[in-house]
Structures are given as structure tokens and as C-alpha cells.
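Novice: Here it is: the structure, laid out below.
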Amino acid sequence: MYPKIEYLLKYAENPENDRPLIMCEYAHSMGNSTGNLQDYWDVIESHPILQGGFIWDWVDQGITKTNDKGQRFWAYGGDYGPLGTPTSGNFCINGLVNPDRTPHPALTEVRKVYQYVKFVPLDLNTGKIKLLNGYNFTNLSSFRLHWSIDQDGRQIDGGVADISDLPAGGTANMDLNYKLPVPESGQEYFLNLSVIRTEAWTILPAGQVCATAQFKLPLYKERQLIPLAEYGDLKKSVINGITTLKGKDFSVSFDVAKGQMVSLKFKGSELVKEPLVPDFWRAPTDNDFGNNLPERSAIWKDAGKNAKIVSSRFEQPDPKIAMADFEFTLSDSSGLFALLGIRYKIFGTGDIMVEYQFEKKRDSLPEIPRIGLNMVLNNEFEHVKWFGRGPGENYWDRKTASYINLYKSSVKDMYTSYIRPQENGYRTDVRWVSLSNGK
């Protein structure tokens, strides 16, 4: 029950074990969860004696209830009976789908990891790949392989390949016979694959996507940098402890006493509502509460807010470039436990590069839930566009099913409404993100 991957490997490689291993439970899909699933299946599928396992569990067991304001919600333990009635809290809210069977983001990952058709790149320069048909009794006569080559999220080539002669349990080497383009400066190229049903089967309609994959193509040409001579000049001013740098169409201001960027304006419009501040926390998930992370890592919850600035320094080695350096300490009742350094490098182009350094000074510190910087923008910047993994929520240990592409959304639509609110909506491997007000 919930064995570690190391245990599975040890079992599979022990010649004295002659019985298949099936895990009665191995992934606890309560709330925002189901990470490391691909890691498990990389091991399971490479050792025949490992036959898989059961996810706990399928559906959130909530019941629709209406509050005194007329709002409907999914109720669970604690929402019934007088205050103090013994319950198991939300411990029945632990599935891959909501009570109405709408899927959680984790179900997309399960679907991808469990898909029966696998892809192995052989030579991405010439379009050679290997297909593995993992079905036990189904050949691929009712399927077709669709492929495309995308350049920074835009399809530039594609086609359909016949895979109908691949029997159950079989493998085949295929040649997609594409010709790679000459790479453009700073662009990324990906091969996207999908196996699609050509006819309906039971409840599945024709056109159902049954397996997918993405591979980064070996194409790249360095970005062309803007020559320093083309940068605009930066003019510095200091008023009431606020240092401001002005360039063409933009200005950025720092509160030196706090070590914060407090304003960023473009053509007179303020972009920042609350400044960048160090942050070491994220909202706990259901499984975090189960393993006591909020208590164990409590030292980090307000560490960024309580950071003490110990030094600040401005440099302008060139009229077109300036740097603001701030150093902070993190302390608790037992003394110093970490050091922080934040550097803002401001260019006359309007670009601002933020460098962040962290150094722990105490060996016994617990794990950091998340490390970085937080800022708040004005509400009008509700349009989101990004080039990275998506379209849905994904995390460093749950991103196998989330492919790199160009996506659009709104701020509110990036929120995942878990029945008990928790960390949600993350995106990984993001090359760039823009937030705009439509203007």
C-alpha cells in the first residue's frame, strides 16, 4: 500500500519473487494531487512482474446542498448536523472527478500515462519513430496517426499516417518523411503526435483521441540581441526616498528603505498594484494537510513578508543600463536562518531582469513549499497568454499530459475550483507569459 518506487524496483529485481505485484493503492488523488504517476509507470512497464495498481479513488463523494444565501455547493462531513458533530471532514472528497463526474486536472494526466499506444523517437531529424501497440486484443485498423510540426505554437507542417497493420502487442518503425525547416531566430519546434479513432466504438465517437505525445525537435537558432546603441537612456531621480528611473514610454520606482519595486508605468499607466516581495509559501493541498506540511514548514509561511533589508545599492555603469541591489535576512526567535539577494537590472529598452538569490544559514530547516517572488497587478489585466505547458493546470511532477504550445485564457479561467479550496492553477516550463487589459 503506497510503496515507494524503490520498493517496486527491489521487488522486480529479486529473482526469488515469482508472483506479480499489484498495488492495492498507490496514488492518493485527493484534491490537487496525483504527482509522480509517470515515474511509477516507467518502472511498472519495464518489469513484467509489476502489474500496476489502484488509484484512491474515482469520485468525490459530496452531496449538493444550498446555503442560507441560496448558493449551491458540494457538501461533506461537517456540513451536516449541529456544530461539533463527529465527522471525517472532507476525507470522502478524494477522487479524480467531482461528484457530478466532471474531471479534475489530474485525470488528464492519468489518461496520458495509461494510454495504450506509446511512441519512441528514433531519429527526429528525419521523422523516424517507433510505435508500440499496448492493447492485448486490439489491432490498430480503426486508428490513424496524425502528426504536426509546430513552430512557437503555430503549425507549419503535418500529415496522417496509416498504422492499421500494427497488431496487438506489436511494434513498428515508421517514417513520417517530413523535412525540417530552416530554424528562425529564437523559435522552438515540436513534433506533436496523436492516434485517433476513425470510427465509433461503444460510447466513443469517431474522432476520439486515444494517445498523444510531443517531442522537441533538434532545431534552434540563437536570438538576435538588440545592440546597446539602440537602447534609450535612463534618467534617475530621488524624491522622498523613492528612486525612479525613466526611459522612453516607461518608468520604474523603488522604495530603497523597503527594497521593493513599488511602481512600474508604461505610457503613464500604472501596472503594479502591490510590489514584488519574496515568497516561500503556497496554499496547502489536501494531501499537505494529511502529512502535516503546514505545521512542519510553518517557518516559511510569513518569511518573505518579514524579511529585513540590510543593504541597498544603485549602480548605473552606462546611461542605458541601471542596477538596483537589495539584500535581506530571514530570522525567527532562534536567530538568522537564511539570506536573500534581489537584483533588478533595468534596460533602456524597458526590459527589467530580476535575479534572485537564496542561501540557507541553518541546517535543520524544513522543506520550502515554493520559492520565488510574488506581485499583484491591477484587476484590469485579465487577459492571459503564455508559451509553455497547458492548457490546463500542471506541475513539475504532473505535466506528462501538458504539452508546450501557445495558449490563451483569462485570469479567472486559470482557477481550478477544488471542493475544498487549495493550491491550484499552476503552469510549468513557461517561456513567457503576458497579461493585458486588451489595450
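The values are calculated or read from the model by the stated rules, or taken from the named source; none is laboratory data. Predicted, not measured: the structure shown is a model, and the values here were computed from it. Here Cβ is always computed from backbone atoms with ideal geometry, including for glycine, and neighbour counts include all displayed protein chains. Just so you know, the surface numbers come from the protein's heavy atoms only, side chains and all, with ligands and any DNA or RNA stripped out. Shrake-Rupley method; radii C 1.70, N 1.55, O 1.52, S 1.80 Å.
Novice: So the check is Cβ under 6 Å with 6+ separation or different chains; which pairs have a first residue in the stretch 363-378 that's within 19 Å of ASP332 (Cα to Cα) and a second one that's open to solvent by 60 Å² or more (accessible area, probe 1.4 Å)?
Specialist: PRO366/ARG296
Novice: What residue, of LEU340, LEU336, is over 12 Å from TYR231 (Cβ atoms), in contact with a strand residue (DSSP E or B) (Cβ under 8 Å, 6 or more places away or on another chain) and touching a residue at least 40 places away in the same chain (Cβ under 8 Å)?
Specialist: When all the criteria are applied, what remains is LEU340.
Novice: Open to solvent by 20 Å² or more (accessible area, probe 1.4 Å) and either closer than 30 Å to ARG420 by Cβ or out of contact with any Leu (no Cβ under 6 Å at 6 or more places or on another chain) (or both): does that describe ASN139?
Specialist: yes
Novice: Scan the stretch 112-121 and tell me whether some residue there is open to solvent by less than 30 Å² (accessible area, probe 1.4 Å) and touching a Gly at 6+ places or on another chain (Cβ under 9 Å).
Specialist: Yes, that holds for at least one residue.
Novice: Here is a further query. Would you confirm whether any residue within the stretch 257-269 is open to solvent by 50 Å² or more (accessible area, probe 1.4 Å), free of Cβ contacts under 8 Å to residues at least 40 places away in the same chain and part of a loop (DSSP other than H, G, I, E, B)?
Specialist: Yes.
Novice: Go through the stretch 67-82 and give me each residue that's surrounded by 14 or more Cβ atoms within 10 Å (Cβ to Cβ) and in a loop (DSSP other than H, G, I, E, B).
Specialist: TYR76, GLY77, GLY78, ASP79
Novice: All but one of (1) assigned to a loop (DSSP other than H, G, I, E, B); (2) basic (Lys, Arg); (3) over 29 Å from the mean Cα position of the chain (by Cα) hold for ARG144, so report the exception by its number.
Specialist: Only one criterion in (1) assigned to a loop (DSSP other than H, G, I, E, B); (2) basic (Lys, Arg); (3) over 29 Å from the mean Cα position of the chain (by Cα) is unmet by ARG144, namely (1).
Novice: Looking at LEU176, is it among the aliphatic types (A, V, I, L, M), over 30 Å from ILE309 (Cβ atoms) and at pLDDT below 95?
Specialist: No.
Novice: I've got another one for you. Please find, among LEU107, LEU131, LEU145, the residue that is hydrophobic (A, V, I, L, M, F, W, C) and within 30 Å of GLN422 (Cα to Cα).
Specialist: Just a single option satisfies the conditions, and that option is LEU107.
Novice: Filter the stretch 368-385 down to residues that are part of a strand (DSSP E or B) and open to solvent by 30 Å² or more (accessible area, probe 1.4 Å) and give me whichever is nearest to CYS210 (Cα to Cα).
Specialist: The extreme case among them is LYS385.
Novice: Right, something else. Filter the stretch 401-417 for residues that are in a loop (DSSP other than H, G, I, E, B) and open to solvent by less than 30 Å² (accessible area, probe 1.4 Å) and give the result.
Specialist: Of everything in the stretch 401-417, those that are in a loop (DSSP other than H, G, I, E, B) and open to solvent by less than 30 Å² (accessible area, probe 1.4 Å) turn out to be ALA401, SER402, THR416.
Novice: Further, regarding this structure: List pairs: first in the stretch 54-66 and within 17 Å of HIS28 (Cβ to Cβ) and part of a strand (DSSP E or B), second open to solvent by less than 100 Å² (accessible area, probe 1.4 Å) and among the polar types (S, T, N, Q), Cβ under 8 Å, 6+ apart or cross-chain?
Specialist: Cβ pairs passing all conditions: ILE55/SER29; ILE55/THR34; TRP56/SER29; TRP56/ASN94; VAL59/ASN98.
Novice: Looking at the stretch 247-272, which of the residues that are farther than 20 Å from ILE309 by Cβ and of a type in the set (Phe, Trp, Tyr) is modelled with the lowest pLDDT?
Specialist: It comes out as PHE266.
Novice: Quickly run through the stretch 386-400 and pick out the residues that are open to solvent by 70 Å² or more (accessible area, probe 1.4 Å) and touching a strand residue (DSSP E or B) at 6+ places or on another chain (Cβ under 8 Å).
Specialist: PRO391
Novice: Filter the stretch 168-193 down to residues that are open to solvent by 70 Å² or more (accessible area, probe 1.4 Å) and either of a type in the set (S, T, N, Q) or within 18 Å of LEU132 (Cβ to Cβ) (or both), then give me how many there are.
Specialist: 4
Novice: Could you list, in sequence order, all residues of the stretch 205-231 that are open to solvent by less than 70 Å² (accessible area, probe 1.4 Å), at pLDDT below 95 and of a type in the set (Gly, Ala, Ser)?
Specialist: Hits for the stretch 205-231: nothing passes.
Novice: Would you please name the residue that is most open to solvent (accessible area, probe 1.4 Å), looking only at residues in the stretch 325-366 that are touching a Phe, Trp or Tyr at 6+ places or on another chain (Cβ under 7 Å), closer than 22 Å to GLU315 by Cβ and in a loop (DSSP other than H, G, I, E, B)?
Specialist: Top of the filtered list is THR349.
Novice: When you go through ILE419, ILE404 one by one, which is the residue that is within 22 Å of GLY95 (Cβ to Cβ), touching a strand residue (DSSP E or B) at 6+ places or on another chain (Cβ under 7 Å) and at pLDDT 95 or above?
Specialist: Unique residue meeting the criteria: ILE419.
Novice: Now for a different question. Filter the stretch 13-59 down to the residues that are farther than 24 Å from ASN90 by Cα and of a type in the set (S, T, N, Q), then identify the one that is nearest to the chain's Cα centre (by Cα).
Specialist: GLN38
Novice: Right, ILE93: buried (at least 17 other Cβ atoms within 10 Å of the Cβ), of a type in the set (Val, Ile, Thr) and in a loop (DSSP other than H, G, I, E, B) or not?
Specialist: Taking the combined requirement at face value, the residue satisfies it.
Novice: Are there any pairs with C-beta distances below 6 angstrom linking a residue in the stretch 32-44 that is over 23 Å from ARG427 (Cβ atoms) to a residue that is not aliphatic (A, V, I, L, M), with the two at least 6 apart or on different chains, and if so which?
Specialist: Pairs that qualify, where the first residue is over 23 Å from ARG427 (Cβ atoms) and the partner is not aliphatic (A, V, I, L, M), are ILE44/GLY52.
Novice: Looking at THR202, THR244 in this structure, which one is at pLDDT below 95, among the β-branched types (Val, Ile, Thr), out of contact with any Gly (no Cβ under 7 Å at 6 or more places or on another chain) and more than 27 Å from ARG431 (Cβ to Cβ)?
Specialist: THR202
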